[in-house]
There are 2 protein chains.
Amino acid sequence: MTADKTLDIAPDWVDGETKALEAPHDHRAELRLWLRLLTCSTLVESEVRRRLREEFDSTLPRFDLMAQLERAADGMVLGEVSKRMMVSPGNITVLVERLTESGHLSRTTLPTDRRVQIIALTPFGRAEFEKMAARHADWISDLFAGLTPKDGGVLMDELAKLKRSIIASLGRGGA
Amino acid sequence: MTADKTLDIAPDWVDGETKALEAPHDHRAELRLWLRLLTCSTLVESEVRRRLREEFDSTLPRFDLMAQLERAADGMVLGEVSKRMMVSPGNITVLVERLTESGHLSRTTLPTDRRVQIIALTPFGRAEFEKMAARHADWISDLFAGLTPKDGGVLMDELAKLKRSIIASLGRGGA
DNA sequence: CAAAACAATTTTAAGCTTGAAATTTCTCCG
DNA sequence: CGGAGAAATTTCAAGCTTAAAATTGTTTTG
């Protein structure tokens, strides 16, 4: 509601990218790039978290979980959600517990395989999610508003290349 | 050590960017951009966390804290560290406690103002950090290796624009 | 068919993170 | 000087996150 910490301290450090590291040879360009990426991502993420809490008394993990379910009318298997959200299965268990208690989610055991849990948004959960999603889209839109469509396109393409690079590296293993 | 979860499931979801959200009007381009950014950032971050744990039995927050201190030969005030790392002061307190126990950090109360805590790397802490930093730089370098220098430059520039956009939006407040 | 192997999920232990309340220590004004 | 108020940090309660171990249920195979 009032000016918050993020804004107060922004002038001091936001442009510093001070999370610097030393490099033995000269991986410095990559490090700078990574730190800048991380800074952008962190700034957006904390703002989204803050607003979800303030406006909806909710959290980003809960929002993400509901977002996964939003397009799965028939619900989704717990393990599938875990993979898509890139988080550990145990994590999902806890989130689902709370969201089920609060009436946002329903959970069913698959009759043909009683190991499998299927979770889905309840109508209430879906309605709540839609409110949040609309606001969320506005927030992101504002945060990115200073980027021209052209810049957005270029950034999108470069990030696609980066993503390929990362996945390739992960595939190569400990290289 | 062995092929891990991340790699196993990668083919399934990594290219899906399924954390999708619905948009009332058409903030869709910005949303896609944000999700791609977040994906890249998350992939790199979890890989770094994993390796810090495996190779050094350490964590990213500890590494980041030491990175802050690395260039401050005379140490740093706790509050300053907290601002630079963009985390809450209470968080730093806990991290410093553990890193002090393990001998990586020293902490002193400023004689002229006994509210102020000054923390610094010990020689041991500095030596440990340098090992980690060198490996860290290698990891990042590998992850970004698929990007040409030109792409790297373009990405750097676009991210700079994005950062300005984000900060401007934060400055505008709840807009 | 039973046992081993496998699969999905939950539990557990540990650590990170936050916002808010509480502490401790200054500083400044009357 | 003495207290109000501000500043730096710590404590607290709650929630997130993970890896690894434990459960529960299914499938495969001898």
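The values are calculated or read from the model by the stated rules, or taken from the named source; none is laboratory data. Predicted model, so just to flag it, every value in this text is computed and none were measured. Positions of Cβ are backbone-derived with ideal geometry, glycine not excepted, and every protein chain shown enters the neighbour counts. With ligands, DNA and RNA removed, areas are computed over all heavy atoms of the protein, side chains included. Shrake-Rupley method; radii C 1.70, N 1.55, O 1.52, S 1.80 Å.
Checking the condition surrounded by fewer than 19 Cβ atoms within 10 Å (Cβ to Cβ) and part of a helix (DSSP H, G or I), which residue from A:Gly153, A:Gly125 passes?
Criteria check complete, one pass: A:Gly153.
Do we have B:Phe129 as aromatic (Phe, Trp, Tyr) and closer than 30 Å to A:Asp151 by Cα here?
No: the conditions fail for B:Phe129.
Does B:Arg115 count as in contact (Cβ under 8 Å) with a residue 40 or more places away in the chain and among the basic types (Lys, Arg)?
no
Out of A:Ser102, A:Ser82, A:Ser88, which single residue is away from DNA strand C (no atom under 13 Å from the Cβ) and hydroxyl-bearing (Ser, Thr, Tyr)?
A:Ser102 is the lone residue from the list that is away from DNA strand C (no atom under 13 Å from the Cβ) and hydroxyl-bearing (Ser, Thr, Tyr).
Please specify each residue of the range A:58-97 satisfying the condition of being more than 8 Å from DNA strand D (Cβ to nearest atom), open to solvent by 60 Å² or more (accessible area, probe 1.4 Å) and part of a helix (DSSP H, G or I).
The answer is A:Glu80, A:Lys83, A:Arg84, A:Glu97.
Surrounded by fewer than 20 Cβ atoms within 10 Å (Cβ to Cβ), hydroxyl-bearing (Ser, Thr, Tyr) and within 16 Å of DNA strand D (Cβ to nearest atom): is that true of B:Ser102 in this structure?
no
Collect the residues in the range A:133-150 that are more than 8 Å from chain B (Cβ to nearest Cβ) and open to solvent by 10 Å² or more (accessible area, probe 1.4 Å), keeping them in residue-number order.
Of everything in the range A:133-150, those that are more than 8 Å from chain B (Cβ to nearest Cβ) and open to solvent by 10 Å² or more (accessible area, probe 1.4 Å) turn out to be A:Arg135, A:Thr148, A:Lys150.
Would you be able to tell me the number of residues in the range B:88-137 that are aliphatic (A, V, I, L, M) and more than 26 Å from B:Arg49 (Cβ to Cβ)?
The number of residues fulfilling the criteria is 3.
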